[in-house]
Amino acid sequence: MPVVRSLAIDYTFDDKIYQYAYQNQYLFGPSFLVAPVESTRDLVKVYLPAGEWYDLHSGVK
């Protein structure tokens, strides 16, 4: 399994991951979902597929 991979590899049947707003999100290793923010934007929409997710900095679920 690649270290950096598309959400489509793990969440193939989740239709939301194919939407334009989430096209730049990817998985890094088995534990991190990465949602890059462009320097010209203040906010970005992030989609969390089914599962348990935690904020990296706060630890909040």
Test: residue in the range 2-9 that is surrounded by 10 or more Cβ atoms within 10 Å (Cβ to Cβ), part of a loop (DSSP other than H, G, I, E, B) and modelled with pLDDT of 90 or more: no
The range 12-61 - residue that is among the polar types (S, T, N, Q) and out of contact with any helix residue (DSSP H, G or I) (no Cβ under 7 Å at 6 or more places or on another chain) and, of those, nearest to M1 (Cα to Cα): S31
In the range 11-31, the residues that are at pLDDT 95 or above and within 17 Å of Y54 (Cβ to Cβ): Q25, L27, F28
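The values are calculated or read from the model by the stated rules, or taken from the named source; none is laboratory data. If you're wondering where the values come from, they're calculated on a predicted model, not measured in any experiment. Positions of Cβ are backbone-derived with ideal geometry, glycine not excepted, and every protein chain shown enters the neighbour counts.
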